[in-house]
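Q: Handing you this structure, nothing more for now.
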Amino acid sequence: MRQKLVAGNWKMNNDLEQGINLTTQIVELMNQQPSLNVLGVLGTPFIHLPQVAKLTASTTMLQVAAQNCHQEPSGAFTGEISCAMLKSVGVTYVIIGHSERREYFKESNELLSRKVDAALSEGLTPIFCCGEPLSIRESNDQMEYVCHQLTSSLFHLTDEQIGSLVVAYEPIWAIGTGKTASAAQAQEMHEGIRNHLASKFGQEIAGNIPILYGGSCKPGNASEIFAGPDVDGGLIGGASLNAEDFMAIINSL
Ligand code: 13P
């Protein structure tokens with residue numbers, strides 16, 4: 001059985017106090033549903049991570065993610081954060097290759113493969129993001145585009161390594177735009193991603209990798225998107241900044 005998972009990506013939002021308040025509310029709501037079978041992950045800015053990890057330590061159904069990491073273990077990289085540092089404050093997941101990092105910080109498929117290696121070598125679970133821009137969707141080349149992202153950054157991994165990874169499909173044209181992929185478009189891409197992973201790592205391993213959908217996922221549309229058999233949860237931006245909305249999305253799974 002694949003792990004069902006809803007990860008919030010706060011992006012560059014919330015000061016420390018706001019982040020603590022939001023986390024406290026989410027922990028309270030999660031504790032009201034002890035039999036919930038869905039893992040919640042809070043992807044916060046670096047400054048929040050130690051406190052969010054402490055606040056969530058009482059429930060195994062909440063884990064903490066960084067939104068980025070550096071590919072080197074340590075050294076003269078002013079302003080950067082290593083995976084060992086993340087691990088030392090209780091982080092267990094790290095979002096790698098978000099389209100905003102690819103676009104604004106020019107992160108290449110090759111660099112992302114090194115970040116995946118760095119995360120895995122510290123025992124962190126990468127949430128590896130892929131997804132196509134609008135122009136690629138309009139020319140109907142999205143499957144080739146996303147498969148190329150996966151091949152370039154993940155196909156050097158061992159079976160064991162790929163088995164401890166989460167993939168997030170985030171069509172760039174649906175991020176923060178209010179436009180979502182239709183449930184059929186999401187399922188088609190998720191199935192294609194799983195088949196592509198299976199072509200390299202085999203059906204059994206690919207069948208156990210959670211694949212999340214991201215892009216304007218909200219309480220009102222989550223159930224429909226999550227109904228796809230290859231959609232194992234979501235990576236949530238805007239709606240993860242509100243505790244009730246985030247919980248409503250978790251409950252839609
Ligand atoms: P929105 O949910 O705000 O569209 O953001 C999606 C996203 O980028 C999550 O990583």
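The values are calculated or read from the model by the stated rules, or taken from the named source; none is laboratory data. Predicted model only: the values in this text are computed from it and were never measured. FYI the Cβ positions are ideal-geometry reconstructions off the backbone, even for glycines, and counts take in every protein chain you see. Remember, those area values only see protein heavy atoms, side chains included, never the ligands or the DNA or RNA. Shrake-Rupley method; radii C 1.70, N 1.55, O 1.52, S 1.80 Å.
Q: Of the residues Ala7, Ala84, Ala57, Ala76, which single one is in contact with a strand residue (DSSP E or B) (Cβ under 8 Å, 6 or more places away or on another chain) and hydrophobic (A, V, I, L, M, F, W, C)?
A: Matching residue, one of Ala7, Ala84, Ala57, Ala76: Ala7.
Q: While we're on this one: Looking at this structure, is Gly238 within 30 Å of Asp15 (Cβ to Cβ), away from the ligand (no atom under 11 Å from the Cβ) and surrounded by fewer than 19 Cβ atoms within 10 Å (Cβ to Cβ)? Write out each step before concluding.
A: Details: within 30 Å of Asp15 (Cβ to Cβ): yes; away from the ligand (no atom under 11 Å from the Cβ): no; surrounded by fewer than 19 Cβ atoms within 10 Å (Cβ to Cβ): yes.
In short, no.
Q: Which residues, counting only those in the stretch 206-235, are out of contact with any strand residue (DSSP E or B) (no Cβ under 8 Å at 6 or more places or on another chain), open to solvent by less than 30 Å² (accessible area, probe 1.4 Å) and within 11 Å of the ligand (Cβ to nearest atom)?
A: Within the stretch 206-235, Gly215, Ser216 meet the criteria.
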